[in-house]
Amino acid sequence: MSTSYSLRYPEEIKFGSGASANIAEVLPPEGPVLLVTGRSALSNGLAERFKKLLASHEIIDATGMSSPEPTLECVDAIIETGRAGNAKIVVAVGGGSCIDATKAAAAIIPESPAKTADFFNGERSVVKRGLFLAALPTTAGTGAEITSNAVLTESALKIKKSIRSPFMVPDTAIIDPELTISSPPGVTAASGMDAFTQALESFTSSNANSVTRPLAETSMVKIFANIAAATADGSDLNARTEMAEGSMLSAMSFSQSGLGAVHGLAHPIGSLLKLPHGKVCAILLPVVMKWNKTVCELEYARIADACGVSKGADGMIEAIRNLNAELGVPDELRSSGLDDKHFDFIIKNCRSRSMSGNPRPMSDDDVEELIASLIRPLV
Ligand SMILES: [Fe+2]
């Protein structure tokens, strides 16, 4: 058996408070810049701030064009705006959804007249680098600024999956914890639990290696210690900085190792129930950990030790349940609309790369039993 080490990160990562102020210096000197944000950047001042910071370039305005859990139509609209303005550089300022939508757009814009569906449906692949892309996260969550995939949703069929290519890793990531201060408590909690889940699933993945485990462990320690503080007081810059670094390390780890059953299940459940990805991950995490425990007891005990939690693996699962409760995350999906009639769809659509990396193989019957417990808690 061989171990695979594949370290593909942005060529340049700038991390630290205030790092985004120098964005113009890291971009190629010439060419129109397609500036993409989500809607919240229009009201919290970030869109205007970045227009000023990019004044040395011509700006093609796609601020407000990205949407949460982006659809193929959302990406197509960004692509059309970029092509119409002859964009040469792309800048994404936003959460994981915005960065994913922009990442796909930067790859597809030069492939005119191709549309997002051509790549999503597998008719085409991203086989070369697209436009120069700088990614600036405004949440500490998915780590999309580091990774090579873009999670998109086909709205009619409710299919959520990735377009993936080594050529889609952003050229530059600027991780400025000050940009996350405007992130509201619900988003901070959900995206932070996504980053924690990614680190934990990376740590226990069947493809984990001696590079990924320390990255994942440090990530979990930082996020576990700071997520409640960052959620309770968004202006706590120390907590925001620890969360931002934890999220970056999580992505550096899972982009090599892959994930596990939480992410395998979170995509079909999230697209069915229209729930934020991080919230679904947080709800699923302790349930999947309990199921995986028979093969991961030592790893969970080591995580507990690192995070300062007593009583080993069981103590860690309980600590995550308690953390979810403190963050306002429910422990079931019944109130979000999960129903027996959804089981077939979830079973059919959960067999992703994440699922195959889960340390304990999960049969269709196992999946059904597990998701049923989120409607009818096991006693
Ligand atoms: Fe995730």
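The values are calculated or read from the model by the stated rules, or taken from the named source; none is laboratory data. Computed from a predicted structure; not experimentally measured. Methodologically, a virtual Cβ is constructed for each residue, glycine included, from the backbone with ideal geometry; neighbour enumeration extends over all protein chains shown. Just the protein is used for accessible areas: all its heavy atoms, side chains included, with ligands, DNA and RNA removed. Shrake-Rupley method; radii C 1.70, N 1.55, O 1.52, S 1.80 Å.
Points worth noting:
- Debye intensity ratio in log₁₀ form over the Cα atoms of the stretch 12-179, taken at each q of 0.12, 0.13, 0.15, 0.18 Å⁻¹: -0.45, -0.53, -0.71, -1.06
- Both radii come from the Cα set of the chain: Rg as radius of gyration, Rh as Kirkwood radius; their ratio Rg/Rh reads 0.96.
- Cβ-placed point charges (K, R +1; D, E -1), dipole of the stretch 184-372 about Cα centre in debye, nearest 20: 340 debye
- Placing +1 on the Cβ of every Lys and Arg and -1 on the Cβ of every Asp and Glu, with nothing else charged, gives the stretch 114-269 a dipole about its Cα centre of roughly 620 debye.
- The order of the peptides 32-45, 298-311 by mean Cβ neighbours within 10 Å, most packed first, is 32-45, 298-311.
- With every protein chain in place, the chain: carbon and sulfur % of accessible area (1.4 Å): 52 percent
- Virtual spin-label span in nm between S335 and D305, 7 Å along Cα→Cβ: 3.7 nm
- Rolling a 1.4 Å probe over the protein heavy atoms gives the chain an accessible area of 40 Å² per residue.
- Looking at the chain alone, DSSP beta bridges between its own residues are antiparallel in about 20 percent of cases.
- Placing unit charges on the Cβ atoms of the charged side chains and taking the dipole of the chain about its Cα centre, the candidate lying farthest along the positive direction among S6, L237, H277 is S6.
- When peptides 324-336, 253-265 are sorted by average Cβ neighbour count within 10 Å, with the highest value leading, the order is 253-265, 324-336.
- Förster radius 41 Å - calculated FRET efficiency between L157 and T294 (Cβ-Cβ, nearest 0.05): 0.70
- Only Lys, Arg, Asp and Glu carry charge here, each on its Cβ (+1 for the first two, -1 for the last two); on that basis the chain has a dipole of about 400 debye about its Cα centre.
- 10 °C / 1.306 mPa s Stokes-Einstein diffusion coefficient of the stretch 255-296, Kirkwood radius on C-alpha pairs, µm²/s: 146 µm²/s
- What the Kirkwood sum gives for the stretch 1-96 is a hydrodynamic radius of 14.8 Å, with every pair of different alpha carbons counted.
- Euclidean distance of C-alpha centroids, the stretch 142-160 and the stretch 251-308, integer Å: 17 Å
- Rg(Cα) / (2.2 N^0.38 Å) computed for the stretch 135-255, rounded to two decimals: 1.05
- Descending by average beta-carbon neighbour count within 10 Å, the peptides 198-206, 91-99 line up as 91-99, 198-206, the highest first.
- To the nearest 10, the accessible area of K115 is 110 Å² with a 1.4 Å probe.
- Cubic angstrom per residue, convex hull over Cα atoms of the stretch 231-379: 127 Å³
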